[in-house]
């Protein structure tokens, strides 16, 4: 499920797996429609491996970004201790995002 949240006058979203764990967090958007466009972009493009940017942090942990077709970062993962965890996170986005419902946080 995608959870759309408002923080002050900005919006962002998270993608949660079936167990409730956050697998992707978006950037901040200036409008609700911008955040909704970000969700639609993740849903549409998450099956394409070219949209994933795998990274290793200075502390040795792994994470990834989901990018739109124009190269802009739409969302980022949590940090993973192992590369296999990061790869499982990517597979989770591919599995959960396409048909995910959008729920607005209270």
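The values are calculated or read from the model by the stated rules, or taken from the named source; none is laboratory data. Just so we're clear, the structure is a prediction, and the values are computed from it rather than from any experiment. Backbone-built Cβ (ideal geometry, glycine too); neighbour counts: all protein chains shown.
Structure values in brief
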item: Residue list for the range 2-24, filter: under 12 Å from residue 101 (Cα atoms) and either more than 14 Å from the chain's Cα centre (by Cα) or modelled with pLDDT under 95 (or both); result: 16, 17, 18
item: Residue satisfying all of: in the range 44-59; modelled with pLDDT under 95 and farther than 14 Å from residue 76 by Cα; surrounded by the most Cβ atoms within 10 Å (Cβ to Cβ) among these; result: 45
item: Failed criterion for residue 27 (all others in (1) touching a helix residue (DSSP H, G or I) at 6+ places or on another chain (Cβ under 8 Å); (2) within 18 Å of residue 98 (Cα to Cα); (3) surrounded by 16 or more Cβ atoms within 10 Å (Cβ to Cβ) hold); result: (2)
item: Residue in the range 60-77 that is under 12 Å from the mean Cα position of the chain (by Cα), part of a loop (DSSP other than H, G, I, E, B), at pLDDT 95 or above and crowded, with 16+ Cβ neighbours inside 10 Å present; result: yes
item: Odd one out for residue 48 among (1) within 19 Å of residue 94 (Cβ to Cβ); (2) in contact with a strand residue (DSSP E or B) (Cβ under 9 Å, 6 or more places away or on another chain); result: (2)
item: Pair list, Cβ under 6 Å, 6 or more apart: the range 95-106 residue within 13 Å of residue 45 (Cα to Cα), other residue part of a loop (DSSP other than H, G, I, E, B) and modelled with pLDDT under 95; result: 96/17; 97/46
item: Hits in the range 15-41 (condition: closer than 18 Å to residue 52 by Cβ and either touching a residue at least 24 places away in the same chain (Cβ under 8 Å) or assigned to a loop (DSSP other than H, G, I, E, B) (or both)); result: 15, 17, 22, 23, 24, 25, 26, 27, 38, 39, 41
item: Residue count for the range 78-87, restricted to those that are surrounded by 13 or more Cβ atoms within 10 Å (Cβ to Cβ) and part of a helix (DSSP H, G or I); result: 3
item: Subset tally (residues that are free of Cβ contacts under 8 Å to residues at least 40 places away in the same chain and in contact with a strand residue (DSSP E or B) (Cβ under 8 Å, 6 or more places away or on another chain)) for the range 1-12; result: 3
